[in-house]
Amino acid sequence: MSKTPDPNSTDASGSKSTKEEATIKVPSKDPKKKDDKKDEDLSEEDLALKQQLELYVERAQDADPGLQKVALESMRQEIRTSTSSMTSVPKPLKFLRPHYGTLKGYYEKMPDSDLKKLMADILSVLALTMSAEGERESLKYRLVGSQGEIGSWGHEYVSPFWHLKYWLTDYFYRNLAGEISQEYVKRQSEEASIDDLMELVQQIVAFHMKHNAEPEAVDLLMEVEDLDLLVEHVDNTNYKRTCSYLTSSAKYLPGPDDMLVLDIAYTIYMKFEEYPSALVTALYLDNTQYVKQVFTSCDDLLRKKQFCYILARHGQTFELDEEMCAEDEEREGLQEIINNTKLSEGYLTLARDIEVMEAKTPDDIYKPHLLDGRASAGASVDSARQNLASTFVNAFVNAGFGQDKLMTVPSEASSGGASTSWLFKNKEHGKASAAASLGMILLWDVDSGLAQIDKYFHSTDTHVIAGALLGVGIVNCGIKNECDPALALLAEYIDKEDPSIRIGAIMGLGLAYAGSQNEQIRSKLTPILGDSKASLDVLAFTAISLGLVYVGSCNEEIAQAIIFALMERSESELGEPFARLLPLGLGLLYLGKQESVEATAEVSKTFNEKIRKHCDMTLLSCAYAGTGNVLKVQHFLGQCAQHFEKGETFQGPAVLGIAMVAMAEELGLEMAIRSLEHLLQYGEQNIRRAVPLALALLCISNPKVNVMDTLSRLSHDSDSEVAMAAIISLGLIGAGTNNARIAGMLRNLSSYYYKEANLLFCVRIAQGLVHLGKGLLTLSPYHSEHFLLSPTALAGLVTLLHACLDMKAIILGKYHYILYFLTLAMQPRMLLTVDENLKPLSVPVRVGQAVDVVGQAGRPKTITGFQTHSTPVLLAAGDRAELATEKYIPLSPILEGFVILKENPDNRDDQ
């Protein structure tokens, strides 16, 4: 029984031992039988086809050219008619596989003739399933073939992507387009001619574009570095799909390819007069010439008004000239829209529609009645620190509403009554933030704001005057005005003796003129950087304000002034927290400008070692912000992986750098969140303090549950700095969302930390942020369906986050008004539709979660889980809106912010 069976023995039934069959491959005794069995499995039709093809193969090798021609033509016909089946390898190819070698051998012996070309065509198709890896036989035979119409062989021949779906992946690289790209690389390295390849590319691209396979056409042209070809092949039916693929793939391409791809998208949009999309692409490219071209190419005034709304939302300072709009009156009207003067009006329209105009008090936010006894008792103590927190909460919650219950004077009260009494419930520097909070409450309403803040200028208290100056800057934030009231009011206070007044005026100018590149401000602020008597805090605010005004401009004069200011400071001063804000001012000049920072980064390597690495990290993180550059993320991670005896300050900006670079697209963002989790586990304490702030930037105004849970865990950390950063970050990820879960977490934290003033202060600030603008505002610097990044908004956020790296010295010290830098990022998260006279027009819209439909066939739904509302409506992070009526046509393809509707002339109302 236990004897090893003989491998060749058979059991009773005459078949081999099954055990042995599993281990030893024994050739079949009768191979013919096996083939017969295979043939028996085929249907009569298939069997006939197989025999027919075998006959063709035989005849193709016949000595008679006439017979050969008939056989080859018939074989080609069989292959052509079958390749329309997309679910499996076409049958003729399957049956011809065993004969591939035979035909190949015969081809080599054939004399040059049309028949040989015909044979090459057939071998080119057969090579799809048969050629060896890397041989590129499909392409080889195609190039020597008859060069006929390429599409006649069907989809599988031309495209790699059908293989992925329907054929074994092994065939993927063997198709023509894949082989062309390999051959192209080879010929480029050998500097050989590529003319024959490009001819073939032309045919393939034309075929793809006709058959709704735009992504494949784009991919092939990218491989052969000739995207310009695309412009002549797009038409009215496919340009939108083509451009959406181009713009979304740009995020994953290395520079300068990404800009080249967007350049082509811009050209295509302009060709088909899709001006709003062309404008958005021009803004992404940061190309002022292109923006001008959009205005000069379009003659429709109404569409130009829509362009102006897009520019205003982006925060772009832009002066229209006669070429862009000839009529003076019309030009003034357009300039007014760019200057954002209607923002306050639109925001209040939204607030009235949603019925949230009534002012809220800090207690409405804290909800002390929901807490247990001890915490609510602690909250009622009237301390200056708690009053200061309430000042900020009140400012954030009532931002832009023009009325509140602490600072604005009720009509029946005697002048100066209520507001002054609250102002003086704050101590010293607290009064500056309280006075400035009036600017936040009257945000974007310049006329009314300046009138109400004016009374504080007559105060004898320097802190109140400083707050009033800052308030003027806040009111003007994002709004441009012909008269430049902010500059007129603030300029005279810049050189005052008192540092708090100087800081108020300097920060006010930075907020009011962010992104404007205003020469007057440069000439007034740059001398301060060279003043050796100026205190470090004044210098830091000057550098930041200049960085904001000239954000992303790469202005060399300002860069040099900041570099000299850093070089002249003593070693002890460079160890101060405020010294670390000077490199940030320098970094803002290069925000998003990538390689342009390199010369300045080289200079920074000569700085004192205390600030050198910190400056390097800050410059790099700003220059590559929003680019998604993977190599830079790896660089920052490498810096964070180093362990030092004493915590190094440069690792904080490196952690923030990971978030700033990776925030560009969803995939990189998710990966960055995972990497930050690792840093929490293995990083030193100074890195752990920065991680919550990096998470906040990645998910700003977009509370993702996993990030929320991480921050909730960190908010109870044994290191109070980590806990404070996590608490502020909870406020930032929930900013303007009224998120109930975060609100609940923060209420519990206020009870948990009721004895710890600093932590409680952070909890209060976070509570104010979650209810920012009563839930109508967002801090996200991205807009236009997460495509465009507003540089001024990002600059405001980054400035606050850098300040939070040293919470105790700055925000919990006497510089809490740095929190007002968030004003730069505050925008209504609304869709407000207006008619042709720019008056609000209520129409039904569907609002749902945006779905990525790039590269999908047909007309897939772009939103899911939608609800139908009447405008104006709120848009949460990741939401998209579409019109639910045929009556109007929107003048912008992206329904966000202000959208002009015009009546649809083709609409037939069902009466």
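The values are calculated or read from the model by the stated rules, or taken from the named source; none is laboratory data. Model, not experiment: these values are computed from the prediction. Cβ sites come from the backbone with ideal geometry, for glycine too, and all protein chains shown count toward neighbours. Accessible surface areas use protein heavy atoms only, side chains included; no ligands, DNA or RNA. Shrake-Rupley method; radii C 1.70, N 1.55, O 1.52, S 1.80 Å.
Some notes on this structure:
- You can think of it this way: the chain between GLN517 and LEU631 has 37.9 nm of extra reach, that is 0.36 nm per residue less the Cα-Cα gap.
- Over region 490-606 - Rg/Rh using Cα atoms and the Kirkwood inverse-distance radius: 0.95
- Heavy atoms of GLU345 accessible to a 1.4 Å probe, total area in Å² rounded to 10: 110
- Apportionment of accessible area to carbon and sulfur, region 441-569, percent (1.4 Å): 49
- Å² per residue, accessible surface of region 238-356 at 1.4 Å: 43
- Of the listed residues PHE272, PHE650, the order by accessible area with a 1.4 Å probe, largest first, is PHE272, PHE650.
- Under the combined filter of DSSP loop state and at most 11 neighbouring Cβ atoms within 10 Å, region 720-766 retains these trypsin sites (Lys or Arg not before Pro): LYS755.
- Anisotropy class of region 445-557 from Cα gyration tensor, a/c 1.5 cut: oblate
- FRET efficiency, 1/(1 + (r/R0)^6) with R0 22 Å, evaluated for GLU556 and ASN608 via beta carbons: 0.50
- Region 655-757, accessible surface, carbon-and-sulfur percent (1.4 angstrom probe): 50
- When all protein chains stay in place and ligands, DNA and RNA are ignored, the 1.4 Å accessible-area order of ARG713, ARG569, largest first, is ARG713, ARG569.
- Ordered by solvent-accessible area of protein heavy atoms (1.4 Å probe), largest first, the residues ARG241, ARG688 come out as ARG241, ARG688.
- Shown is the FRET efficiency for GLU327 and GLN867, computed with R0 = 41 Å from the Cβ-Cβ distance and rounded to the nearest 0.05: 0.45.
- Only Cα pairs under 8 Å and 6+ residues apart enter the sum, and on that basis the relative contact order of region 669-787 stands at 25 percent.
- Region 736-759 and region 274-297 have Cα centres separated by 45 Å.
- For region 629-695, diffusion coefficient by Stokes-Einstein and Kirkwood Rh (Cα), 25 °C, 0.890 mPa s, µm²/s: 212
- Only protein heavy atoms count here; on that basis, with a 1.4 Å probe, PHE564 has an accessible area of about 110 Å².
- Local electrostatic count, GLN293, Cβ distance below 15 Å [Lys/Arg +1, Asp/Glu -1]: -3
- Rounded accessible area of ASP114 (nearest 10 Å², 1.4 Å probe): 120
- With R₀ set to 60 Å, the beta-carbon distance separating LYS755 from GLN52 gives a calculated FRET efficiency near 0.05.
- For region 271-356, the share of accessible area belonging to carbon and sulfur comes to 38 percent (1.4 Å probe, ligands and nucleic acids excluded).
- Cα-derived Rg over Rh, computed across region 832-911 with Rh taken as Kirkwood radius: 0.98
- Charge sum, other residues only, whose C-beta stays under 10 Å from VAL70's C-beta, Lys/Arg counted +1 and Asp/Glu -1: -1
- Taking only the C-alpha atoms of region 602-746, the Rg (one decimal) and the largest Cα-Cα distance, Dmax (whole number), read 15.1, 50 Å.
- Label zone of ASN837 (point 7 Å out along Cα→Cβ, amide N under 20 Å): in region 277-310 this covers 301-306.
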